[in-house]
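Written below as structure tokens is the structure these notes are about.
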Amino acid sequence: MTNQINNPQTRQWQEMSQRHHLAPFSDYKQLHEKGPRIITKAKGVHLWDSEGNKILDGMAGLWCIAVGYGREELVEAASRQMRELPFYNTFFQTAHPPVLELAKTIAEITPPGLNHVFFTGSGSEGNDTMLRLVRHYWACKGQPEKKVVIARVNGYHGSTVAGASLGGMKYMHEQGDLPIPGIVHIPQPYWFGEGGDMSPEEFGIWAADQLEKKILEVGEDKVAAFIAEPIQGAGGVIIPPDSYWPRIREILAKYDILFVADEVICGFGRTGEWFGSDYYGNRPDLMTIAKGLTSGYVPMGGLVVSDKVFEVINEGGDFNHGFTYSGHPVAAAVALENIRILREEKIVERVRTETAPYLQARLRELTDHPLVGEVRGVGMLGAIELVKDKATRKRYPEELAVGMICRGHCFDNGLVMRAVGDTMIIAPPLVITREEIDELVTKARLCLDLTLREIQG
Ligand code: PXG
């Protein structure tokens with residue numbers, strides 16, 4: 001942060017943090033020593049902290065803000081709905097207009113055949129719902145032993161017990177005996193980090209073939225589903241080699257298992273298509289959604305279910321699952337307005353044809369930097385690999401925490417970029433303009449220079 005604190009309120013808030021707030025994914029002692037940066041307001045693609053610093057939000061909140069901060073229409077939609085009907089549940093044979101209109105609208109924008117939506121409060125709850133629903137599906141079909149879900153190492157699917165188990169984050173599994181039984185993992189298609197001497201295309205085929213190997217090892221009669229993000233987000237914006245998804249599709253076509261796309265990050269325009277599955281031409285049976293669904297203005301997630309799955313569970317009696325806030329009317333009203341803005345302002349089209357090509361071209365200019373081993377990206381997603389040796393893709397020693405050094409310089413120079421190890425990642429709001437992209441890339445280069453200078457001492 002701002003090493004310098006001028007606003008006395010900043011200290012007061014930091015003290016409240018230390019005394020009372022347990023922040024997600026934090027080393028509390030370390031956090032308290034430093035004190036959190038306090039974000040007080042936002043507009044468009046920029047944030048302001050309590051010290052008055054203006055910061056370009058290269059991470060869209062946390063991969064959430066599609067339509068930009070400060071959209072009055074979303075505020076209006078929420079307040080209108082709060083006045084009309086602030087809450088009612090959707091259990092016990094009731095419903096309300098916003099949840100029904102939202103389910104219909106989502107069916108209009110999702111890939112063909114995905115027409116039914118179970119709403120949740122978050123992406124993690126969406127994946128918990130998925131686990132229970134796919135097992136219910138196979139039980140309804142008379143195959144209750146088909147329970148195992150295959151997921152990927154370094155995938156991220158949330159932080160609930162099921163979400164963290166589906167995810168392939170070792171440091172999460174280590175806390176609390178995860179994964180739970182019935183969830184297994186295969187390697188990820190991360191060529192830059194793990195491809196060794198293989199070409200990206202060879203490695204893509206190898207990584208995809210691990211799915212078939214795992215299906216045969218577990219037994220097709222035991223496997224319920226395969227879950228994957230079209231592009232891994234939290235794992236480090238990992239874009240599979242071009243050979244990966246076509247081979248996965250071939251494998252899925254051979255076996256009777258369900259395919260779940262976790263679209264929590266890729267959904268709602270981030271790749272320049274409505275969903276990451278559209279970008280790759282994948283045809284999932286189920287899709288988890290959250291984040292961009294409401295642009296993060298209020299919490300909401302869900303599971304979109306295909307006609308094929310619906311037709312089975314429709315005959316299967318009660319599905320004994322649900323959350324108090326499933327289909328919350330205020331969240332649904334905000335999501336509807338958010339999708340209306342995305343559609344009417346043609347934001348996804350603009351990302352695809354105009355701003356993403358510009359962002360991707362400008363980001364790739366950073367490839368010439370001595371610290372940069374690779375720049376990759378799709379749509380409004382980007383990753384910059386920091387390395388010691390460009391040719392061999394060799395990293396700096398882990399203890400040096402080069403990514404964290406770079407992240408610190410970014411924050412101090414008015415840019416939010418996230419570090420996943422030594423991979424710097426960006427996912428700006430979809431409404432970012434060319435001028436703001438220029439600001440992002442200029443700041444990123446400056447911070448790469450500062451990082452290099454610091455590690456060279
Ligand atoms: N699936 C994916 C693909 C996600 O990225 C979730 C599920 C879980 O969503 P909820 O709403 O329960 O958080 C996510 C969430 C990071 C980071 O460090 C990413 C997420 C959450 C927190 C941190 O990039 N993604």
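At R0 = 45 Å, how high is the FRET efficiency between ASP197 and GLN143 if r is their beta carbon distance? Nearest 0.05 is fine. Kindly include the intermediate steps, with their values, before the conclusion.
On the way: r = 42 Å, r/R0 = 0.92.
E between ASP197 and GLN143, to the nearest 0.05, is 0.60.
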Given backbone amide H placed at 1.01 Å from N, residues whose amide H is under 5 Å from that of VAL372, ignoring those fewer than 5 places away on the same chain, are VAL387
For the stretch 12-84, dividing by residue count, accessible area per residue (probe 1.4 Å) in Å² works out to 61 Å²
Residue separation between ARG453 and SER79 times 0.36 nm, minus their alpha-carbon distance, gives in nm 129.7 nm
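Relative contact order for the stretch 163-286: what percent, with Cα pairs under 8 Å and sequence separation of 6 or more?
Numbers: 142 pairs, mean separation 27.1, N = 124.
With pairs under 8 Å counted, the relative contact order is 22 percent.
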For GLU454 the rounded accessible area (nearest 10 Å², probe 1.4 Å, non-protein molecules ignored) is 100 Å²
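Taking all protein chains as present, what is the carbon and sulfur share of the accessible area of the chain, in % to the nearest whole number, probe 1.4 Å?
Values: 10480 of 20070 Å².
The computed percentage sits at 52.
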The ³J(HN,Hα) series, computed from each phi in the stretch 353-369 with the Karplus coefficients 6.51, -1.76 and 1.60 at θ = phi - 60°, rounded to the nearest Hz and given as x for glycine or proline, is 8, 10, 7, 5, x, 5, 4, 5, 5, 5, 4, 5, 4, 6, 4, 6, 6
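Rounded to the nearest 0.05, what FRET efficiency is calculated for LYS390 and ASN413 with R0 set to 22 Å and r the Cβ-Cβ distance? Working shown, then result.
On the way: r = 24 Å, r/R0 = 1.09.
Working from the Cβ atoms, E equals 0.35.
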The simple spin-label model distance between GLU220 and LYS104, using points 7 Å out along Cα→Cβ, in nm, is 4.1 nm
In nm, the gap between the two label points placed 7 Å beyond Cα toward Cβ at PHE87 and GLU435 is 4.3 nm
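Could you sort MET424, MET82 by accessible area so the largest value comes first, with the probe set to 1.4 Å?
From most accessible down to least: MET82, MET424.
Arrange the residues ILE265, ILE39 by how much accessible surface each exposes, largest first, with a 1.4 angstrom probe. Could you put the intermediate results ahead of the total?
Details: ILE265 20, ILE39 80 Å².
My answer, sorted largest first, is ILE39, ILE265.
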By the Cα gyration tensor axes a ≥ b ≥ c (a/c under 1.5 gives rounded; else a/b larger than b/c gives prolate, otherwise oblate), the shape of the chain is oblate
The pairs in LYS170/LYS390; LYS141/LYS222; LYS34/LYS291; LYS141/LYS170; LYS170/LYS214 lying past 23 Å Cα-Cα in this model are LYS170/LYS390; LYS34/LYS291; LYS141/LYS170
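If each residue of separation counts as 0.36 nm, what is the full-extension length gain between ILE39 and GLN175 once their alpha-carbon separation is subtracted? Don't jump to the answer; show the numbers that get you there.
Details: separation 136, 0.36 × 136 = 48.96 nm, distance 2.96 nm.
That pair, ILE39 and GLN175, stretches by 46.0 nm at full extension.
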DSSP beta bridges in the chain: the antiparallel percent, rounded to 5, is 65 percent
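Could you calculate the contour length gain from SER26 to ARG445, that is, 0.36 nm times the residue separation minus the distance between their Cα atoms, to one decimal place in nm? Write out the running numbers ahead of the final one.
Values: separation 419, 0.36 × 419 = 150.84 nm, distance 2.79 nm.
Residue separation times 0.36 nm, minus the Cα-Cα distance, leaves 148.1 nm.
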Computed ³J(HN,Hα) along the stretch 438-444: with the Karplus parameters 6.51/-1.76/1.60, θ = phi - 60°, integer Hz and x for glycine or proline, the list is 4, 4, 4, 5, 4, 5, 4
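The values are calculated or read from the model by the stated rules, or taken from the named source; none is laboratory data. Since the structure is predicted, the reported quantities are computational estimates derived from the model, not experimental observations. Every residue, glycine among them, receives a Cβ derived from its backbone with ideal geometry; neighbour counts consider all protein chains shown. Protein only, heavy atoms only, side chains kept; ligands, DNA and RNA dropped before computing areas. Shrake-Rupley method; radii C 1.70, N 1.55, O 1.52, S 1.80 Å.
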